[in-house]
Amino acid sequence: MKKHIIMTIMLFLMILIVLTGCGKSNNEKQKTMRVGVVLYTQDDAFINALTDCLKHYFEEMEDENLKIIMTVRDGKDDQSVQDDVVEGMIDAGCDVLCVDLVDRTAPSKIIEMAKKEDIPIIFFNREPVREDLMQWDKMYYVGGDAEQSGIMQGEIAADVIHADEGCDKNGDGRIQYVLLEGEAGHQDAIIRTDSVVKTLMDNNVKLEKLSYQFANWNRAQAENKMTQLIEQYGEEIELVLSNNDEMALGAVAAYDSMGYPEEKRPIIFGIDGLSDVLVAVEEGQIQGTVYNDKEGQARQMAKLAVDLYKGNSLTGYDFKDEKYIILSYKKVDASNIKEYIIDDTGAAK
Amino acid sequence: MKKNKLTFLIAEILLAAIAIFFASRIFFSEKPQKRVAVIIDNSGDEKWNAFVNGLKQAADTYNIHLIICNTDEIENGTEEKNLINEQLDNDIDAFIIQAAPGYDVHQMLTELADQKPVILVANDALTENIVENIHAASTLTKVMPDNYKMGYELGEEILKDNGASLNGKTLGIVGGLLETDCTMKRQQGLKDALADSGCVISWEINAGYDNNVMDILKWKAEVDYLAVLDNEALVQLCEREQSIANNDTLVYGIGTSIKSVYYLDEGRMECLVMADAYGMGYDSVDEIAKVLKGSVYKPDDHVIDTVVLRKEDIFTEETQKFLYTYE
């Protein structure tokens, strides 16, 4: 009888060992982290470049214990579409959401859905209203400071104008300018516009505004709008201030297609530091841009997403108000363009 | 008096029976939605826009709960199997799958098809038989275009532009992912169409998840014609059109996105062959809905229509109707 009991206990222990062994091997399996990246549109060159960087940093953070699947979806410039996209992503299984809102004032549905499933959200590029961001402790914002970009654009433009009297083509002591603005009512567009104009005036540049046009951050729209402006004002335009690089490229394209010789063109300034604009700065078609640190933003987003997924401490982050990671812009003009142009080997020229 | 009471009682009973009948219809006729998982590579990519539109439309019609899995690159059968296993744990009733590259995928999907209904889209599971016969296909149910025909049509278009003779002309081929059924069939279709044309195939390369086609193309000899059989490679190439603008290379492509149509309109390619991706999405759900409805239903293969587009065709009513599904 005793023998039977001992045998039974041994058998039980063996089964227990086998079972716990299996459990351990399961734990050792590679974990998969799913990141849902939802853009406001897939037609924004800066956002696409930032998304490529994000993908790159997530790939760098993979190891034998962690596989990261990053899925990018398009909000199609429509908040209700973006809400549906987020709903579908959560339904299919998602660990962290990175959202570039279509409408920065309307994140409620996304927040509600994510909160219900306990999925952290990293907003980027378009900053949600502060009260919304403070609703839940698992929401963050990574981006640049719109005011700083406008100030820097103004400073570069002022330097160029002071350095070259020829910018004032008609010699009236004033710079006649046009503005290419992002979207009507868009926070970044308003802040960039206000701060660039104020900075120019603070730097003793006398300005005369000829006109402004909204081109929705888009190159083709900017080309159309700029063509209209050129037809209306011709050589009166001495300065083009654009809320982003895509629209600055649109302005260049408008002058190109109208066959304007270089000496008759105004000085043009953008914001973002897109590779095409860096080339244009090097070639003298655009006089300056403000580099929006997409690499830095993507690196912070990737790191934060992984830490949130793993439940790591977030003490190493330079948070502002425990929610915001704000990266600095950098000025780019002819004097430092070589630091930003990357050659075929991936190194700065 | 008694008769009146009896009539009243019978009427009451009848009314109660009718009420119970309708109540039961309301409460018991609502069947739970069937859950269908869709596994395609880079599921958020715009190349799937029309396909997803078709899926969603049919899912609404057939009351199917669609789960479009969050994916990026699916490089091999192991990765695809992991995605499938996750969805099996997610109470999925059926699958719509784009077969991953590799010869081992067929076996894995066949085993899955023994457990749950499976429809393959866009790319068939590769079988060893293809080495002997390019038209060989898997035994799984397929809803996809005839990829061989798409390659063949592209070849015919190059011929058409040259009076059926390409004597002394050179061609470069940019294929899709290696070890995929659709890539092999498109390449073979193209070669068969040009077999007696006198055209010299100077080189062939394949797009991959980890390589940038433009980087490879830089080192390739200039050719008269470039046949691009993969949407991503085609878009990449047209985006960087300036790098091929130095020569007179004419581009012919197979595309599945509105961006490729945009580049056709821009004149960055001569001709574009497209599949009815909306139809592929709609028909795949339609077929799976029938399978889920009745156990005796045997699913059918569907061959999806293809269209050949030239720049001048883009704004015709018929083409616009077709392209509407890509928005």
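Could you list the chymotrypsin sites (Phe, Trp or Tyr not before Pro) in the stretch B:268-321 that lie in coil according to DSSP, counting only those with at most 13 other Cβ atoms within 10 Å of their Cβ?
Values: sites: B:TYR278, B:TYR282, B:TYR297, B:PHE315; in loops: B:TYR297, B:PHE315.
Answer by residue number: B:TYR297, B:PHE315.
Divide by every residue of the protein assembly as shown the summed helix terms, -39500 (n - 2.57) for each DSSP H run of at least 4, and state the resulting mean residue ellipticity at 222 nm, rounded to the nearest 500 deg cm²/dmol. Mind showing how you got there, number by number?
On the way: 22 runs with 296 residues, N = 676.
Taken over the protein assembly as shown, the calculation gives -14000 deg cm²/dmol.
Arranged by the count of other C-beta atoms within 10 angstrom, fewest first, what order do B:HIS106, A:HIS56 take? Don't skip to the end; give the middle numbers.
Details: B:HIS106 21, A:HIS56 14.
Ranking B:HIS106, A:HIS56 by Cβ neighbours within 10 Å, fewest first, gives A:HIS56, B:HIS106.
Cα-Cα over 22 Å: which of A:LYS109/B:LYS81; A:LYS31/A:LYS109; A:LYS55/B:LYS142; A:LYS55/A:LYS115; B:LYS56/B:LYS290?
Numbers: A:LYS109/B:LYS81 33 Å; A:LYS31/A:LYS109 29 Å; A:LYS55/B:LYS142 32 Å; A:LYS55/A:LYS115 25 Å; B:LYS56/B:LYS290 16 Å.
Check vs 22 Å cut-off fails for A:LYS109/B:LYS81; A:LYS31/A:LYS109; A:LYS55/B:LYS142; A:LYS55/A:LYS115.
Does a label point 7 Å from the Cα of A:LYS310, set along Cα-to-beta-carbon, have any residues of the stretch A:28-55 with amide nitrogen under 19 Å, and which are they?
A:28-36, A:54-55, by backbone N distance to the label point.
Assuming a viscosity of 1.306 mPa s and a temperature of 10 °C, what translational diffusion coefficient in µm² per second does Stokes-Einstein assign to chain A, Rh being the Kirkwood radius over Cα pairs?
Working: Rh = 22.5 Å.
My calculation gives 70 µm²/s for D.
At what distance in nm do the modelled label points of A:PHE319 and B:GLU239 sit from each other, each positioned 7 Å from its Cα along Cα→Cβ?
Taking the simple label geometry, A:PHE319 and B:GLU239 are separated by 3.5 nm.
Regarding the protein assembly as shown, what are the three Cα extents along the principal axes, ordered largest first, in Å?
105, 87, 70
Springs between alpha-carbon pairs under 10 angstrom, Gaussian network model over chain B: which of B:GLY294, B:GLY189, B:GLY198 fluctuates most?
Its mean-square fluctuation being the largest, the pick is B:GLY294.
Translational diffusion coefficient, Stokes-Einstein: compute it for chain B using the Kirkwood radius over C-alpha pairs as Rh, at 20 °C and 1.002 mPa s, and state it as an integer in µm² s⁻¹.
On the way: Rh = 21.8 Å.
My calculation gives 98 µm²/s for D.
I need the Debye-formula profile for the stretch B:166-250: one equal scatterer per C-alpha, no solvent, reported as log10 I(q)/I(0) at q = 0.12, 0.21, 0.23 1/Å, two decimals.
-0.33, -1.02, -1.19
Taking the Cα centre of the protein assembly as shown as origin and charging only Cβ (+1 Lys, Arg; -1 Asp, Glu), how large is the dipole, in debye to the nearest 20? Kindly include the intermediate steps, with their values, before the conclusion.
Working: 66 positive and 119 negative charges, 688 e Å.
Result for the protein assembly as shown is approximately 3300 debye, rounded to the nearest 20.
What GluC sites (Glu not before Pro) in the stretch B:102-168 are in a loop by DSSP, with at most 16 other Cβ atoms within 10 Å of the Cβ? Present the calculation step by step, with values, prior to reporting the outcome.
Numbers: sites: B:GLU111, B:GLU128, B:GLU132, B:GLU153, B:GLU156, B:GLU157; in loops: B:GLU132.
Filter output for the stretch B:102-168: B:GLU132.
How many nm separate the modelled label positions at B:THR110 and A:GLU231, each set 7 Å beyond the Cα in the direction of the Cβ?
Taking the two extended label points, one gets 6.6 nm.
Dimensions of the stretch B:199-317 along principal axes (Cα, Å, largest first)?
Sorted from largest, the Cα extents of the stretch B:199-317 read 59, 36, 26 Å.
Most mobile of B:VAL118, B:VAL131, B:VAL235 per a Gaussian network model of chain B (Cα springs, under 10 Å)?
Its mean-square fluctuation being the largest, the pick is B:VAL131.
Which whole-Hz couplings ³J(HN,Hα) result when phi for each residue of the stretch B:91-104 is put into the Karplus expression 6.51 cos²θ - 1.76 cosθ + 1.60, θ = phi - 60°, listed in order with x for Gly and Pro?
Once rounded to whole Hz, the list reads 6, 8, 8, 7, 10, 10, 9, 9, 4, 6, x, x, 7, 8.
Give a quick list of GluC sites (Glu not before Pro) in the stretch A:279-340 that DSSP marks as loop, anything other than H, G, I, E or B, with at most 15 other Cβ atoms within 10 Å. Write down the numbers at each step before the final one.
Numbers: sites: A:GLU282, A:GLU283, A:GLU295, A:GLU322, A:GLU339; in loops: A:GLU322.
In loop regions of the stretch A:279-340 (DSSP not H, G, I, E or B), the sparsely surrounded GluC sites (Glu not before Pro) are A:GLU322.
Under 10 Å, Cα contacts only: if you run a Gaussian network model on chain A, which one of A:ASP276, A:ASP321, A:ASP293 comes out with the highest mean-square fluctuation?
Per the Cα network of chain A with a 10 Å cutoff, A:ASP321 tops the list.
When B:LYS218, A:LYS323 are ordered from fewest to most other Cβ atoms inside 10 Å of their Cβ, what list results? Write out the running numbers ahead of the final one.
Working: B:LYS218 10, A:LYS323 15.
Ranked by crowding around the Cβ, least crowded first: B:LYS218, A:LYS323.
Shielding of A:85-98 by partners, i.e. mean partner chain Cβ atoms within 10 Å per residue?
For this peptide, the per-residue mean of nearby foreign Cβ atoms is 3.
Once fully extended, how much extra length lies between B:ASN212 and B:ASN167, figured as 0.36 nm per residue of separation less the alpha-carbon to alpha-carbon distance?
Full-extension gain reported as 13.1 nm.
Assuming R0 = 60 Å, can you tell me the calculated FRET efficiency for the pair B:GLU75 and B:LEU9, based on Cβ-Cβ distance, to the nearest 0.05? Could the numbers behind the result be given before it?
Working: r = 74 Å, r/R0 = 1.23.
That gives a FRET efficiency of 0.20.
Between the stretch B:78-93 and the stretch B:149-184, what's the alpha-carbon centroid distance in Å?
37
Please report the orientation-averaged projected area of the stretch B:1-132, defined via the convex hull of its C-alpha atoms, in nm².
Working: hull surface 49.8 nm².
For the Cα atoms of the stretch B:1-132, the hull's average projected area reads 12.4 nm².
Give me the one-decimal nm value for the distance between modelled label points at B:GLN33 and B:ALA19, 7 Å along each residue's Cα-to-Cβ direction.
Label at B:GLN33, label at B:ALA19, 3.3 nm between them.
Principal axis extents for the stretch A:177-228, Cα atoms only, whole Å, descending order, please.
Taking the Cα atoms of the stretch A:177-228, the three principal extents are 33, 24, 14 Å.
Between A:ARG130 and A:LYS67, what length in nm is gained on full extension when 0.36 nm per residue of separation is reduced by their alpha carbon distance?
Values: separation 63, 0.36 × 63 = 22.68 nm, distance 3.30 nm.
Additional length available on full extension: 19.4 nm.
Please compare each pair in A:LYS338/B:LYS218; B:LYS160/B:LYS191; A:LYS67/A:LYS303; A:LYS67/A:LYS294; A:LYS169/A:LYS264 to a cut-off of 20 Å on the Cα-Cα distance and tell me which ones are over it.
A:LYS338/B:LYS218; A:LYS67/A:LYS294
Over all pairs of distinct alpha carbons, what does the Kirkwood formula give as the hydrodynamic radius of the stretch A:121-197, in Å?
Numbers: mean 1/r = 0.0670 Å⁻¹.
The Cα-based Kirkwood calculation yields 14.9 Å.
Got a sec? How would A:CYS53, B:CYS69 order by Cβ neighbour count within 10 Å, fewest to most? Walk me through the numbers before you get to the answer.
On the way: A:CYS53 19, B:CYS69 24.
Ordered from fewest to most neighbouring Cβ atoms within 10 Å, A:CYS53, B:CYS69 come out as A:CYS53, B:CYS69.
How much net charge surrounds B:LEU120 when only other residues with a Cβ under 10 Å from its Cβ are counted (Lys, Arg +1; Asp, Glu -1)?
Values: positive: B:LYS142; negative: B:ASP124, B:ASP181, B:ASP301.
The answer is -2.
Tell me, what is the FRET efficiency for A:SER275 and B:ASP192 to the nearest 0.05, using R0 = 45 angstrom and their Cβ-Cβ distance as r?
Numbers: r = 41 Å, r/R0 = 0.90.
The pair A:SER275/B:ASP192 has a calculated efficiency of 0.65.
All of the numbers you see were taken from the coordinates with simple rules; none came from a lab. Everything quoted here is computed from the prediction, not taken from an experiment. We place every Cβ from the backbone using ideal geometry, glycine too, and count neighbours over all the protein chains shown.
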